[in-house]
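Data first, discussion second: the structure below is written as structure tokens.
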Amino acid sequence: MDWYPLMNSLRVAAVSTVVVFFLGIRAAQWIAKLPPLLKGTLDVALTLPLVLPPTVVGWLLLLLLGPRRPLGSWVQSVFGTRLVMTWWSAVFATVVVAFPLMYRTARGAFESFDKNLADAGRTLGRSEAWVFWRVQMPCCGQGILAGTVLAFARGLGEYGATSMVAGYTPGRTATISTTVYQLWRTNDDAGALRWVLINIAISAVFLLAINLLETRQRAGR
Amino acid sequence: MRDTALSVDIQKNLGKFRLQVQFEARDERLALLGASGCGKSVTLRCVAGILRPDEGKIVLDGVTLFDSAAKIDLPPQRRHVGYLFQQYALFPNMTVRQNISAAVRDRSAREETTNRLIRQFQLEQSAGRRPGQLSGGQQQRTALARILASEPKALLLDEPFSALDSYLKYQLELELMDVLDRFQGTVLWVSHDRGEVFRNCRRVCVVDQGRSCPVQALSQLFHTPSTEAAARLSGCKNFADAVPQGENVFLPEWNLTLSCGRPVPDRVERVGIRAHFVRPAEGPGENTFPCGVIRVIEDAFTTIVLLRPEDAPSGGPLLRMELEKMAWRAIPEQERLYIRIDPRDLLLFEKEWRDD
């Protein structure tokens, strides 16, 4: 059996989770400081990918990254590589789709964070970076963790935008979700079932891990 | 002792009013006394560098912390000002030891300083615990140890006991006094509680609707408060409009003329009378007038009696008298009685300068 789709799915989900982790936290932190009107507008814009159909996201991404589009052709001429139809093209799709989950949960966590704790750190002589990484992040840990897990799960399950931006090439861009679709389309029900079971198993293990982590964290308090 | 350790002169627009605070503190405990929402906490935050004033200047120990004209605005990290937050703001993800050591600026002395403070504040037993597992007293001690670890030049206390019940408050106040007695620099104590201020500070700056009054001695605040707001904060309950008449004042709301025993300045327009200084009298006499009893309220140790002077037009404020329970029980006639106000107990307030 060819395990490439499993490896590729995990790889894409992991890379996009790391990207989304930092982007989402940074955005949540930055937007919290903006004036209300700008905050509301940006909030809508950044959350939009959550409610848009993935095919719409895919189409918009192709508009930006496609080989005949400005960015795509520029990268092609400078770096000699396409932005679409490679395994890492899927990362573009999963990042955009998973970003709102990380951003929104991080924002919620930061908003409920007691600002006095940060101010206490500052008056005690500690740097902004120390306050953020040693106080704010640990205090918002639960929310951040939830956002990260949701982003990873969403990245792992991404199909629509991924199939448009990365396509389906066995051994090159295939992920679990695109493989299931391909096997179903070619009437290979047994093959499809195998990947369906694998997908269910991964998701179940994942959710179990979150539950365990949460109960342990609660007990630690 | 230096004449001035901390000088503050700042303005900040707070939306509903403009904060205009100006005071100078020595190496002393200076109280900022004001009703909630008057801007005293904002002032404290401006000194600490957590909030930024619109204009003005803050100088501590000869170092300019903020100066809008010279575009100086030191970050809180470099102000060396210790801030005791209302709920202490201990880092919940760290142990007592970690909370304290996080504040030691000199890395090479971190271990040693932390150990010394843990011993000094008797936190040995709880050093490994998190703030959520501590009693109120331990939390306060941890917060104070943490502040002292950062070697502050001034301490800012933001209503330290506002959220506590009175017994715990009493104990924590005693502990805090011990710490403050040993502290060399300036202490700014923000409070709305006159008792707390009276027990802990010698001088006070009253803040009313964002405006600071000149710093005064506490005895002055209680005996001769300069403004109605100051009198209110010092616990005075009765106020009425006044018209100066030589050595007397006429109080139209009660239709009374009372002697003040001294010339009354023309600018006087209000009087204040403390409820404890409203005293029952045997019969008619100087500054004595008959009142009807409107209501009697039993407090824990005193009786509060609401009175209406007999000649008062309807709709005026009631006169509040507070006296010992025994003294009230000793009065035979409890529906109508004569009240005497000693001329010395009449607080006179002049028209206030408001340049807005």
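The values are calculated or read from the model by the stated rules, or taken from the named source; none is laboratory data. Since we're looking at a predicted model, the values are computed, not measured. Because the Cβ atoms are built from the backbone with ideal geometry, glycine has one as well, and the counts that use them run over all protein chains shown.
Tabulated data
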{"quantity": "Number of the condition not met by B:Arg45 [criteria: (1) closer than 23 Å to B:Glu196 by Cβ; (2) assigned to a loop (DSSP other than H, G, I, E, B); (3) out of contact with any helix residue (DSSP H, G or I) (no Cβ under 6 Å at 6 or more places or on another chain)]", "calculated": "(2)"}
{"quantity": "Residue match in the range B:28-35 (condition: in a strand (DSSP E or B) and either within 14 Å of chain A (Cβ to nearest Cβ) or surrounded by fewer than 19 Cβ atoms within 10 Å (Cβ to Cβ) (or both))", "calculated": "no"}
{"quantity": "Subset of the range B:138-165 [within 17 Å of the chain's Cα centre (by Cα) and hydroxyl-bearing (Ser, Thr, Tyr)]", "calculated": "B:Ser162"}
{"quantity": "The range A:131-144 residues that are within 11 Å of chain B (Cβ to nearest Cβ), paired with ones that are hydroxyl-bearing (Ser, Thr, Tyr) and in a helix (DSSP H, G or I) (beta carbon under 8 Å, 6 or more apart)", "calculated": "none"}
{"quantity": "Some residue of the range B:65-82 being in a helix (DSSP H, G or I), out of contact with any Pro (no Cβ under 9 Å at 6 or more places or on another chain) and closer than 30 Å to B:Ala231 by Cα", "calculated": "no"}
{"quantity": "Cross-chain or 6+ apart pairs with Cβ under 6 Å, the range B:101-112 first and more than 23 Å from B:Arg130 (Cβ to Cβ), then buried (at least 16 other Cβ atoms within 10 Å of the Cβ)", "calculated": "B:Arg105/A:Gly125"}
{"quantity": "Extreme residue, nearest to A:Gly72 (Cα to Cα), among residues of the range A:121-145 that are aliphatic (A, V, I, L, M) and surrounded by fewer than 19 Cβ atoms within 10 Å (Cβ to Cβ)", "calculated": "A:Leu145"}
{"quantity": "Filter pass, B:Phe183 being under 20 Å from the mean Cα position of the chain (by Cα) and in the same structural domain as B:Ala25 (by TED's automatic domain parsing)", "calculated": "no"}
{"quantity": "Qualifying residue in the range B:16-25 (condition: facing chain A (nearest Cβ under 10 Å) and either of a type in the set (A, V, I, L, M) or within 23 Å of the chain's Cα centre (by Cα) (or both))", "calculated": "no"}
{"quantity": "Extreme residue, surrounded by the most Cβ atoms within 10 Å (Cβ to Cβ), among residues of the range B:91-109 that are over 18 Å from B:Gln140 (Cβ atoms) and more than 12 Å from every other protein chain (Cβ to nearest Cβ)", "calculated": "B:Ala109"}
{"quantity": "Tally, over the range A:91-120, of residues that are buried (at least 23 other Cβ atoms within 10 Å of the Cβ) and within 14 Å of chain B (Cβ to nearest Cβ)", "calculated": "1"}
{"quantity": "Residue ID - farthest from the other protein chains (Cβ to nearest Cβ), chosen from residues in the range B:49-87 that are crowded, with 17+ Cβ neighbours inside 10 Å and of a type in the set (Lys, Arg)", "calculated": "B:Lys57"}
{"quantity": "Options A:Thr169, A:Thr175, A:Thr186, A:Thr162: the member that is among the polar types (S, T, N, Q) and modelled with pLDDT under 90", "calculated": "A:Thr169"}
{"quantity": "Single residue of the range A:1-54 satisfying the filter (of a type outside the set (A, V, I, L, M) and within 15 Å of A:Ser89 (Cα to Cα)) that is surrounded by the most Cβ atoms within 10 Å (Cβ to Cβ)", "calculated": "A:Ser16"}
{"quantity": "A:Val84 being surrounded by 12 or more Cβ atoms within 10 Å (Cβ to Cβ), touching a residue at least 60 places away in the same chain (Cβ under 8 Å) and outside any helix (DSSP H, G or I)", "calculated": "yes"}
{"quantity": "Residues (more than 17 Å from the chain's Cα centre (by Cα) and hydroxyl-bearing (Ser, Thr, Tyr)) located in the range A:21-71", "calculated": "A:Thr41"}
{"quantity": "Which numbered condition B:Gln125 misses (of (1) surrounded by 20 or more Cβ atoms within 10 Å (Cβ to Cβ); (2) more than 9 Å from every other protein chain (Cβ to nearest Cβ))", "calculated": "(1)"}
{"quantity": "Which listed residue, of B:Ala230, B:Ala242, is over 30 Å from B:Glu335 (Cα atoms), surrounded by 18 or more Cβ atoms within 10 Å (Cβ to Cβ) and either of a type in the set (Phe, Trp, Tyr) or under 30 Å from the mean Cα position of the chain (by Cα) (or both)", "calculated": "B:Ala230"}
{"quantity": "Matching helices (runs of 4 or more DSSP H) fully within the range A:1-80 where at least 1 residues are touching a Phe, Trp or Tyr at 6+ places or on another chain (Cβ under 9 Å) and either touching a residue at least 40 places away in the same chain (Cβ under 8 Å) or over 18 Å from A:Leu150 (Cβ atoms) (or both)", "calculated": "A:4-32, A:36-51, A:54-65"}
{"quantity": "Selected residue (criterion: farthest from the chain's Cα centre (by Cα)) from residues of the range B:270-287 that are surrounded by fewer than 17 Cβ atoms within 10 Å (Cβ to Cβ) and part of a strand (DSSP E or B)", "calculated": "B:Ala281"}
